[in-house]
1. Give the residues of segment 1-45 that are under 16 Å from ALA81 (Cβ atoms), touching a residue at least 24 places away in the same chain (Cβ under 8 Å) and of a type outside the set (Val, Ile, Thr), sorted by residue number.
2. Working only within segment 79-134, note down all residues that are within 17 Å of the chain's Cα centre (by Cα) and either among the acidic types (Asp, Glu) or farther than 30 Å from ASN49 by Cα (or both).
3. So, in segment 1-37, how many residues would count as being farther than 16 Å from ASN72 by Cβ and either hydroxyl-bearing (Ser, Thr, Tyr) or in contact with a Ser or Thr (Cβ under 6 Å, 6 or more places away or on another chain) (or both)?
4. Go through (1) surrounded by 15 or more Cβ atoms within 10 Å (Cβ to Cβ); (2) out of contact with any Gly (no Cβ under 9 Å at 6 or more places or on another chain); (3) at pLDDT 90 or above one by one and return the number of the condition SER70 breaks.
5. Within segment 95-117, is even one residue among the hydrophobic types (A, V, I, L, M, F, W, C), in a helix (DSSP H, G or I), closer than 30 Å to GLN5 by Cβ and free of Cβ contacts under 8 Å to residues at least 60 places away in the same chain?
6. Output the number of the condition that GLN88 fails; it satisfies all remaining conditions of (1) touching a helix residue (DSSP H, G or I) at 6+ places or on another chain (Cβ under 9 Å); (2) part of a helix (DSSP H, G or I); (3) over 30 Å from VAL126 (Cα atoms).
7. Filter segment 76-134 for residues that are of a type in the set (Ser, Thr, Tyr) and modelled with pLDDT under 90; which is surrounded by the most Cβ atoms within 10 Å (Cβ to Cβ)?
Amino acid sequence: MLTPQDRYTEVGANFRYYLTWREKLFAGFLVVNGALALGFTWVNDRYPNLTFLLPVGGMLLSILFLSLDSRNRELFDACVAAGVELEQPGTGVYTKLNAKSHAITHSKTFDLAIWVWTFILGAATVLLFVRIWD
């Protein structure tokens with residue numbers, strides 16, 4: 001039979017695991033967009049009429065990363081909720097993480113960054129597509 005301490009330890013391990021996935025997702029997001037930038041220069045030199053396709057791919061990948069982070073956020077929010085249930089009322093790290101904060105969260109910052117980047121890629125797609133027809 002698991003004790004409350006064992007369950008609390010398990011919640012902590014899962015919470016840290018899901019947070020490492022967030023780091024990996026963000027690093028992957030940056031690496032993929034860096035690769036797209038390199039690919040853009042290669043395609044622009046060889047097939048300038050197809051350059052608009054790379055920002056389209058970047059937008060799709062950005063939305064994919066956003067959905068993966070959203071799922072990951074659900075998982076570590078579930079860990080916070082489980083941790084709150086195991087803590088004494090008003091004490092512990094999960095209770096503090098669950099409290100409403102007026103500061104902007106990492107989740108909102110990540111969402112904003114991805115949506116801004118997606119908008120920039122959309123604008124680049126339009127500008128590159130228009131360039132083809134000039």
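The values are calculated or read from the model by the stated rules, or taken from the named source; none is laboratory data. Since the model is a prediction, treat every value here as computed from it, not as a measurement. With ideal geometry, Cβ positions are generated from the backbone for all residues, glycine too; neighbour counts draw on all protein chains shown.
1. PRO4, ARG7, TYR8, GLY12, ASN14, PHE15, TYR18, LEU19
2. ILE104, THR105, HIS106, SER107, LYS108, THR109, PHE110, ASP111, LEU112
3. Here the count works out to 3.
4. (1)
5. yes
6. It is condition (2) that GLN88 fails.
7. Keep residues of segment 76-134 that are of a type in the set (Ser, Thr, Tyr), which gives 91, 94-95, 101, 105, 107, 109, 118, 125.
Imposing the further condition that a residue be modelled with pLDDT under 90 reduces the set to 91, 94-95, 101, 105, 107, 109.
On the way: THR91: 9, TYR94: 21, THR95: 15, SER101: 9, THR105: 10, SER107: 15, THR109: 10.
Among those that are of a type in the set (Ser, Thr, Tyr) and modelled with pLDDT under 90, it is TYR94.
Residue by residue, here is whether (1) part of a helix (DSSP H, G or I); (2) within 17 Å of the chain's Cα centre (by Cα); (3) surrounded by 15 or more Cβ atoms within 10 Å (Cβ to Cβ) holds:
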position	(1), (2), (3)
MET1	no, no, no
TYR8	yes, no, yes
ALA13	yes, no, no
ARG22	yes, yes, yes
VAL31	yes, yes, no
ALA35	yes, no, no
GLY39	yes, no, yes
ASN49	yes, no, no
PRO55	yes, no, yes
